[in-house]
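The values are calculated or read from the model by the stated rules, or taken from the named source; none is laboratory data. Since the model is a prediction, treat every value here as computed from it, not as a measurement. Here Cβ is always computed from backbone atoms with ideal geometry, including for glycine, and neighbour counts include all displayed protein chains. Accessible surface areas use protein heavy atoms only, side chains included; no ligands, DNA or RNA. Shrake-Rupley method; radii C 1.70, N 1.55, O 1.52, S 1.80 Å.
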Amino acid sequence: MTKAKERAENTCPLVYQCRLPLSTHTVNHLAGLLRHHLKAIRSRWRILPPGRIAVIVLAVLRHDQRLADMPGGNDVSESTVRRWRDELIGLLAAQAPRLDRALRKVAKPGGEVVLIDGTLIRTQRRTGRADRRNYSGKHHSHGLHFLALTDEKGRLIWMSAARPGRTHDNTAAHHDHILTHLRAASLGALADLGFRGLDNDILDPVIVTGHTAGRTHKLTPGEKEANRVLAVGRAPVEHGFAHLKNWRILIKLRANPARVPNCSALCSS
């Protein structure tokens, strides 16, 4: 049996088009970051212009297009697309706001409350002990833990760096000194029961977490009503996470978890 390397007659690679649901401002912003970066490193040549590179990378991030599928329609190699993706994610990471500055920006126009919550972005399961820490017993899945703050309308204002999936919300908040930064900005926060014990100040609490029932304690009607009001107030933070995961690359990361510390930078784009 012989193996023919030529394509059959009248055949060619199939390329399809799809709409990228992003504004021109987003594309121009990313292209501008790349232009300034190329100027800073004195790189005079790329196989495609910055605007086209930005569109390709945004397609990878927004639609989770596989890197092996992108080169065919753009006359570049898979490794080139991967290098562009990592380069632009790094540039976005440098633009991500610091926690203290993000809180001051909320407090300056008269804001009083932020919403705080944690989320798990799933990753592929990998062999070896190093990946065991990425297993979340709560979600029964491997992933990376992120802590996020939104304003009262659910607009994302800050997101933490990636942590192993087994990290508890309270632990992540302690590492990021959330309580200290909230007090410094004179802001309060609404949180779920996963943050109980983070703020033990009974007289002047900064973080409100609601009430929980126990074996010997049933919730009173007043406590149930307080939990209901808190749940209504916290609803926008869930909408913020849903909006963030419109970037389909964040639904399940196929990259090596050890190389994904900057994926939180997507929230700044």
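Stretched out fully, how many nm does the piece from residue 174 to residue 45 gain, at 0.36 nm a residue minus the Cα gap? Let's see the in-between values first.
On the way: separation 129, 0.36 × 129 = 46.44 nm, distance 4.53 nm.
Full-extension gain reported as 41.9 nm.
In debye, nearest 20: dipole of the stretch 59-120 around its Cα centre with unit charges on the Cβ of K, R (+) and D, E (-)?
Details: 10 positive and 9 negative charges, 73 e Å.
Dipole magnitude for the stretch 59-120 comes out near 340 debye.
Please compute the net charge surrounding residue 192, taking Lys and Arg as +1 and Asp and Glu as -1 over other residues with Cβ under 13 Å from its Cβ. Spell out each step's value before the answer.
Numbers: positive: 138, 196, 234; negative: 117, 169, 238.
Residues near residue 192 contribute 0 overall.
Evaluate the relative contact order of the stretch 129-269 (contact order divided by residue number), counting alpha-carbon pairs under 8 angstrom at least 6 apart; express in whole percent.
Numbers: 155 pairs, mean separation 34.4, N = 141.
Across the stretch 129-269, relative contact order equals 24 percent.
On average, how much accessible surface per residue is there in the stretch 6-86, in Å², for a 1.4 Å probe, leaving out ligands, DNA and RNA?
Values: 5680 Å² over 81 residues.
Per residue, the stretch 6-86 has 70 Å² of solvent-accessible surface.
In debye, nearest 20: dipole of the chain around its Cα centre with unit charges on the Cβ of K, R (+) and D, E (-)? Before the final figure, lay out each step's value.
On the way: 43 positive and 23 negative charges, 208 e Å.
Roughly 1000 debye for the chain.
May I ask you to give the solvent-accessible area per residue for the stretch 156-241, in square angstrom, as obtained with a 1.4 angstrom probe? Write out the running numbers ahead of the final one.
Details: 4980 Å² over 86 residues.
Computed with neighbouring chains in place, this is 58 Å² per residue.
Got a number for the accessible area of residue 211? Probe 1.4 Å, square angstrom, nearest 10.
80
Return one number: the angle in degrees, 0 to 90 and rounded to the nearest 10, between the long axis of the Cα atoms of helix 221-244 and the longest principal axis of the Cα atoms of the chain.
Once rounded, the angle reads 20 degrees.
Return a whole-number percent for the relative contact order of the stretch 126-183, with Cα pairs under 8 Å and 6 or more residues apart as the contact set. Please list the in-between numbers first.
Details: 60 pairs, mean separation 17.3, N = 58.
Once divided by the residue count of the stretch 126-183, the mean separation gives 30 percent.
What 222 nm value per residue comes from the helices of the chain, counting each DSSP H run with n ≥ 4 as -39,500 (n - 2.57) and dividing by all residues, nearest 500 deg cm²/dmol? All intermediate terms of the calculation are to be shown ahead of the outcome.
On the way: 7 runs with 96 residues, N = 269.
Counting only the DSSP helices, I get -11500 deg cm²/dmol.
Can you sort 47, 56 by solvent-accessible area, 1.4 Å probe, largest first? Each step should come with its number before you reach the end.
Details: 47 90, 56 5 Å².
Heavy-atom accessible area, descending, gives 47, 56.
With a 10 Å radius around each residue's Cβ, average the other Cβ atoms per peptide and rank 115-122, 246-253, highest first.
Values: 115-122: 21.2, 246-253: 15.9.
Sorting 115-122, 246-253 by mean packing, highest first, produces 115-122, 246-253.
Take the alpha carbon atoms of the stretch 1-148, find their radius of gyration, then divide it by 2.2 N^0.38 Å using N residues; give the quotient. Each step should come with its number before you reach the end.
Values: Rg = 20.9 Å, N = 148, 2.2 N^0.38 = 14.7 Å.
Rounded to two decimals, the normalised Rg is 1.43.
Pop out the Kirkwood hydrodynamic radius of the stretch 118-269 from its pairwise C-alpha distances, inverse of mean 1/r, in Å to one decimal. Display every interim value, and only then the final one.
Details: mean 1/r = 0.0595 Å⁻¹.
About 16.8 Å for the stretch 118-269.
In units of 2.2 N^0.38 Å, what is the alpha-carbon radius of gyration of the chain?
Working: Rg = 22.6 Å, N = 269, 2.2 N^0.38 = 18.4 Å.
That ratio works out to 1.22.
Any idea what angle helix 78-95 forms with the longest principal axis of the chain, computed on alpha-carbon atoms, 0 to 90 degrees, nearest 10?
Relative to the chain, helix 78-95 is tipped by roughly 30 degrees.
Probe 1.4 Å, all protein chains in place: accessible area of residue 15 in Å², nearest 10?
100
What does the net charge come to around residue 91 if you take all other residues with beta carbon closer than 12 Å to its beta carbon, with K and R at +1 and D and E at -1? Intermediate values should be presented prior to the final figure.
On the way: positive: 35, 85; negative: 86, 87.
Cβ neighbours under 12 Å give a net charge of 0.
Towards the positive end of the charge dipole of the chain, with charges on Cβ (+1 Lys, Arg; -1 Asp, Glu), say which of 73, 84, 55 has the farthest Cα.
Checked the options; the winner is 73.
Rounded to whole Å and sorted largest first, list the principal axis extents of the Cα atoms in the stretch 198-261.
47, 28, 23
Test of understanding: what is the full-extension gain from residue 14 to residue 254, defined as 0.36 nm times their sequence separation minus their Cα-Cα distance? Could you put the intermediate results ahead of the total?
Working: separation 240, 0.36 × 240 = 86.40 nm, distance 2.45 nm.
The residue 14-residue 254 span can extend by a further 83.9 nm.
Not counting ligands, DNA or RNA, and with a 1.4 Å probe, what is residue 202's accessible surface area in Å² rounded to the nearest 10?
150
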